[in-house]
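A short worksheet on the structure shown next.
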Amino acid sequence: MDKIVIEGGLPLEGEIKISGAKNGALPIIAATLLCPGTHIIHNVPDLRDIRTILQLMETFGITWEKADTNTLAINSDNVSSFEASYDLVKTMRASVLVLGPLLARLGQARVSLPGGCAIGARPIDFHMQGLQKLGAQLELEQGYVDAKVNGTLRGNAVYFDIPSVTGTENILMAAVLAEGETVIKNAAREPEIANLIDMLTRMGAKIEGRNTDRLVVRGVKKLVPAEIEIIPDRIETGTFLVAVGAAGGDVNLTNCDPALLPSLFDKLRNTGLYLKEDKNSIRVIRSGPLKSVDIKTMPYPGFPTDLQAQMMALMTLTEGLSVIHENIFENRFMHVAELKRMGADIRVDGGRAIVKGHGKLNGAQVMATDLRASASLVIAGLAAQGITEVSRVYHLDRGYDDIVGKLSAVGAKIWREKE
Ligand code: EPZ
């Protein structure tokens, strides 16, 4: 296993090109199961999770090739198998996204239950209830969801208690080939869902309500292969904005979309960062002292839970008090113990963390526990005095395309070593 070593205290200066969104690419790759032909997907990030879903897709009979550095050509002429095995699904929960398209294409799917992960139990009951509403029979046995439908799926009303991102995506992909109309209420509104809707629409699907919490799908008989560009990764963008806040400096982020982060900019300006947005770039400068802010994670367009850990690292560097409410996942404070090893003063009380900033952190050996927690430890290391070593960086490789290279290019002293 690798570790990342950081010599902190250096400001970041220069330009970082943002990659395509992991959580945009995963459902769009799954959607290529819906119809035969060759689909072209641009701006695909080079990540462990992308390699995992492509490996999973190959087991169904999909073939793919890199048509360019970040462009995939995916051929789904011969989709014959429909089993997503535990050994692949346990490494990436988003594998559950193949359930809807396999049912829509083949009328059958056998997908391992993903199991929990560091940040929570992560059940998929909303996915299963929604597919049952569309006429699928689902049985749980030996840790697998056995799903089948006699004939085709049939449109229906599906309501989500919580606006589930992949739940909305799964039901959308099942509904596009169902007979009749499906209405999804309390749908998630993350921009990655609009990216998927654009792909499905280009494939011939009939979907109304893009970017709203009420999606109406009129099933069609046939779809055709399509071409799409993955939207910029808003969480990678936010991660680097926070990194400049922590390390100080002046960085220009390119190939990004400021409109995808409506709730972050005010927060960061209130902490003392200077932000200048253009159509697909953001200039971020931090030269003065940091001020503490409070955070409440909420479904989009609220503050993203995927940026909570990164903001917590930033708040430890203020001289104030910050209250952070994690409202989406029940256990997303695994980074707290590691930040405390670096001298942070944080008290967790249920879904709330109270951060008392002391203006600095000290380098230490810390351990990554999940994808975004590992990003928060890298951010802390950039600001800390001395050397920080982050172990288990395979978590980071799941969701960040060359974070070490991108940070080194703007002056960070950061490198990988064999553990
Ligand atoms: C997606 O996960 C993202 N993953 C997560 O990003 C992100 O943190 C999350 O949405 C919230 O924004 C992908 O898009 C691949 P949810 P997802 O269903 O869809 C509960 C990252 O770092 N729930 O919106 O799994 C659930 O437990 C990852 O890139 C049920 O109870 O999240 C949670 O409390 C981490 N039953 C809440 O809903 C269900 O059937 C929201 O979860 C589904 C979800």
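None of the figures in this text is laboratory data; all of them are computed from the coordinates on show. A quick note: this is a predicted structure, and the numbers were derived from the prediction, not measured. Counting neighbours? That spans all protein chains shown, and the Cβs are built from the backbone with ideal geometry, glycine included.
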Item to check | Cα-based helix-to-principal-axis angle, 22-31 vs the chain, degrees rounded to 10 | outcome: 10 degrees
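Could you check what % of the DSSP bridge pairs in region 22-229 are antiparallel, to the nearest 5? All intermediate terms of the calculation are to be shown ahead of the outcome.
Working: 28 of 37 bridges.
About 75 percent, rounded to the nearest 5.
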Item to check | Most fluctuating residue given options Ala205, Ala364, Ala67, as computed from a GNM of the chain linking Cα atoms under 10 Å | outcome: Ala67
Checklist entry - Tally Lys/Arg at +1 and Asp/Glu at -1 over every other residue whose Cβ is under 13 Å from the Cβ of Val5; what's the total? => result -1
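If you average the sequence gap of Cα pairs under 8 Å that are 6 or more apart and divide by the length of region 310-419, what percent do you get for the contact order? List each step's numbers first, then the result.
Values: 186 pairs, mean separation 28.1, N = 110.
Once divided by the residue count of region 310-419, the mean separation gives 26 percent.
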Checklist entry - Residue-wise, which Karplus ³J(HN,Hα) couplings in Hz belong to region 152-162, taking 6.51 cos²θ - 1.76 cosθ + 1.60, θ = phi - 60°, and x for glycine or proline? => result 10, 5, 10, x, 6, 8, 10, 10, 9, 4, 10
Checklist entry - Among the DSSP beta bridges whose two residues both lie in the chain, what percent are antiparallel, rounded to the nearest 5? => result 75 percent
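Counting Lys and Arg as +1 and Asp and Glu as -1, each charge on the Cβ, what is the dipole of region 176-323 about the Cα centre in debye, to the nearest 20?
Numbers: 18 positive and 19 negative charges, 63 e Å.
Rounded to the nearest 20 debye, it is 300 debye.
To the nearest 20 Debye, how big is the dipole of region 285-419 about its Cα centre, given +1 on the beta carbon of each Lys and Arg and -1 on that of each Asp and Glu?
Numbers: 17 positive and 15 negative charges, 57 e Å.
It works out to roughly 280 debye.
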Checklist outcome for this item: In degrees, nearest 10, the alpha-carbon axis of helix 165-175 is tilted away from the dominant principal axis of the alpha carbons of the chain by 20 degrees
Checklist entry - aspartates and glutamates within cross-link reach of Lys148: Cα-Cα under 15 Å, excluding same-chain residues under 8 positions apart? => result Glu83, Glu139
Next on the checklist: Under the rule of at least 5 residues apart or a separate chain, name every residue whose amide H is placed under 5 Å from the amide H of Leu113.
Outcome noted: Tyr144, Val145
Checklist entry - Tell me, what ³J(HN,Hα) does each residue in region 330-342 have, in order and in whole Hz, if you take phi through Karplus 6.51 cos²θ - 1.76 cosθ + 1.60 with θ = phi - 60° and put x for Gly and Pro? => result 7, 9, 9, 10, 5, 7, 4, 4, 6, 5, 5, 5, 9
Item to check | Eligible lysines near Lys22 by straight Cα distance, threshold 20 Å, same-chain separation 8 or greater | outcome: Lys66, Lys90, Lys406
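Order 393-402, 46-55, 368-377 from most to least packed using the mean count of other Cβ atoms within 10 Å. Write down the numbers at each step before the final one.
On the way: 393-402: 21.4, 46-55: 17.9, 368-377: 27.0.
The peptides rank, most packed first, as 368-377, 393-402, 46-55.
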Next on the checklist: Just to be sure I understand: with springs between alpha-carbon atoms less than 10 Å apart, which residue in Thr212, Thr297, Thr271 has the highest mean-square fluctuation in the Gaussian network model of the chain?
Outcome noted: Thr212
Item to check | Amide H contacts under 5 Å for Glu179, placed H, 5+ residues apart | outcome: Leu153, Arg154, Gly155
Item to check | At most 15 other Cβ within 10 Å, DSSP loop - trypsin sites (Lys or Arg not before Pro), region 152-256 | outcome: Arg210, Lys221, Lys222
Checklist outcome for this item: Most fluctuating of Gly363, Gly302, Gly248 in the GNM of the chain (C-alpha, under 10 Å) is Gly302
Item to check | Counted charge near Cys35, where neighbours are those whose Cβ lies closer than 14 Å (Asp, Glu -1; Lys, Arg +1) | outcome: +2
Next on the checklist: Spelling out what I want: for every residue of region 69-85, take phi, set θ = phi - 60°, compute 6.51 cos²θ - 1.76 cosθ + 1.60 (Karplus), and round to whole Hz; glycine and proline get x.
Outcome noted: 3, 10, 10, 10, 10, 10, 9, 10, 4, 10, 8, 10, 7, 9, 10, 9, 6
